[in-house]
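Chemist: Below are the structure tokens for one structure; questions will follow.
Read-outs: derived from the displayed coordinates by stated rules, not from any lab. Bear in mind that the values here come from a model prediction, so they are computed numbers and not experimental data. Using ideal geometry, Cβ is built from the backbone for each residue, glycine included, and neighbour counts are taken over all protein chains shown.
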Amino acid sequence: MSGAGHWHDEARRWAAWARTPGHDAYWDYRDAFFELVPPPGRATLEVGCGEGRVSRDLAARGHTVTGVDVVGELVDLAVAADPGSTYVVGDASVLPFPDGTFDLAVAYNSLMDVDDMPGAVEEIARVLEPGGRLCLCVTHPTRDACVREGDRFVIEHEYLERRRFEGTFTRNGLTITFKGWCYPLEAYSRALEGAGFVIEAMREPPEPPPGGEPSATYEADRRFPDFLMLRAQRR
Ligand SMILES: C[S@@+](CC[C@H](N)C(=O)[O-])C[C@H]1O[C@@H](n2cnc3c(N)ncnc32)[C@H](O)[C@@H]1O
């Protein structure tokens, strides 16, 4: 099944998962991500916006937002929650916008889910004006290669090859299946280089300290990054 087909099937479960405050890692990591995001400019695109929580956070920070996602059901939910922004159905590798439409693009945990990651990065470059920026977050490539054994991270998988990822998670009565791709860091760099981007900033934020309940695994979790965040500028 294609990545898009998977997200069609998971749409309702994803909306419940994404919309439950504090439920997934977004709520812990969004501050680190927004530190990378430039101030609002002319027009901001979110690629793979899902039900729209990142776009709503961008709009709340003053961005004029267009969100695009391949799943119509998720786009409908995004529109209903934020009628002031624009949300459209479209595929990241054939973006339905003219060249140079945006001065900022954001891809939050979506580039590892699209079937053609380099193609999506090229399309993002096309719809950005020269000098425009792309801010992205993906699962950290080294984390993808690991398994946890107690408090140790063990490299278990092929790091240097593109590899399918599939994992089902259940927490507080909600279940979600993630399906996507694991890439080495170099694959992201090559995609950005090939599309004419220069990487400006890279972040590997540590797991933030647990808020309420003390977490038994925190000391181990904070030793290794879950996410990789990049800001790149189109030449
Ligand atoms: C993990 S969700 C992240 C959603 C959102 N960025 C967030 O953090 O809440 C990944 C999203 O990528 C979308 N997606 C997958 N393949 C896509 C493609 N080819 N074009 C556009 N969106 C795609 C999925 O439908 C899904 O909404």
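Chemist: When the Cα centres of the range 27-56 and the range 139-190 are compared, how far apart do they sit, in Å?
Modeler: 23 Å
Chemist: Follow-up. Between Gly132 and residues 5 or more places away or on another chain, which pairs have amide H atoms under 5 Å apart, with H built 1.01 Å from N, and which residues are they?
Modeler: Arg234
Chemist: Report the semi-axes of the equivalent ellipsoid for the range 103-164 in whole Å, largest first, where each axis is √(5λ) for an eigenvalue λ of the Cα gyration tensor.
Modeler: Largest first, the range 103-164 gives 30, 13, 8 Å.
Chemist: Okay, moving on. For the residue pair Glu204 and Asp151, what label-to-label distance in nm results when each label sits 7 Å from Cα along the Cα-to-beta-carbon direction?
Modeler: 2.0 nm
Chemist: Taking amide H positions as placed in the peptide plane 1.01 Å from N, state which residues far from Glu46 in sequence (5 or more) or on other chains have amide H under 5 Å from it.
Modeler: Distant-sequence amide H within range of Glu46: Thr66, Gly67, Val68, Val106.
Chemist: Also, quick follow-up: For the chain, find the longest principal axis of its Cα atoms and tell me its angle to the long axis of helix 3-19, 0 to 90°, nearest 10.
Modeler: Once rounded, one gets 70 degrees.
Chemist: Can you check what the Kirkwood hydrodynamic radius comes to for the chain, Cα pairs only, in Å to one decimal?
Modeler: One decimal place: 18.1 Å for the Kirkwood radius.
Chemist: Here's a follow-up. Over the chain, what is the relative contact order in percent, taking alpha-carbon pairs closer than 8 angstrom and at least six residues apart?
Modeler: RCO, the chain: 19 percent.
Chemist: Which value in nm describes the separation of the simple spin-label points at Thr20 and Thr86, placed 7 Å from the Cα toward the beta carbon?
Modeler: Placing both labels 7 Å along Cα→Cβ, they lie 3.5 nm apart.
Chemist: For helix 26-36, what angle does its Cα long axis make with the longest principal axis of the chain, in degrees from 0 to 90 and rounded to 10?
Modeler: Tilt relative to the chain: about 50 degrees.
Chemist: With θ taken as phi - 60° and the coefficients 6.51, -1.76 and 1.60, list the Karplus ³J(HN,Hα) couplings across the range 169-174 in order, rounded to whole Hz; mark glycine and proline as x.
Modeler: So the J values, rounded to whole Hz, are 10, 10, 8, 6, x, 10.
Chemist: Quick check for you: which residues of the range 18-53 have the amide N under 20 Å from the point 7 Å beyond the Cα of Thr217 toward its beta carbon?
Modeler: Under 20 Å, as judged by backbone N against the label point of Thr217, lie 18, 20-30 of the range 18-53.
Chemist: Can you tell me the length gained on complete extension of the stretch Glu73 to Leu185, counting 0.36 nm per residue apart and subtracting the Cα distance?
Modeler: 37.1 nm
Chemist: Bin all alpha-carbon pair distances of the range 1-139 at 10 Å intervals from 0 and give each bin's fraction as a whole percent.
Modeler: That works out to 12, 47, 36, 4, in percent per bin.
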